[in-house]
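Everything on this sheet refers to the single structure shown next.
What follows draws every value from the coordinates through simple rules; no lab data is involved. Model, not experiment: these values are computed from the prediction. A quick note on method: Cβ atoms are made from the backbone with ideal geometry, for glycine too, and the neighbour counts reach across all protein chains shown.
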């Protein structure tokens, strides 16, 4: 998957979101079935999800190999349960199993922390007054395993 394949379906700004919320992670392999029907169904499901109580946002990406990941964000587990049993969503789920996917995985996770970066919001330290410039980090790397030195990934 490339960065060009990433499409935030409903730009989740996270303003006003609770400190803790839930993510439903849907990973699937598309079949070669009717692309137009799939697109219409997927668009309708996003539209319908946005109308559900507790819905916070959604992000989706699909690679050239047909594997896609959609993450929807929800205020609580009750909201997820209600979405899962929505009549129109149930029909789309069945169509997905019969027509659209060769396999899929659904994971539900509680999000307990969120960090983000936006290069457009970054401040160039060279433009900051000297008293506001962050100190230069130490040249000595911290010990591996020391508190606060857990490895990070680009996902964080």
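Quick look at the values:
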quantity	calculated
Residue order, fewest to most beta carbons within 10 Å, for 41, 27, 70	27, 41, 70
Neighbour-count order for 105, 89, fewest beta carbons within 10 angstrom listed first	105, 89
Least to most buried among 45, 95 (fewest other Cβ within 10 Å first)	95, 45
Evaluated over the range 11-102, the Cα radius of gyration and Dmax, each in Å	13.5, 40
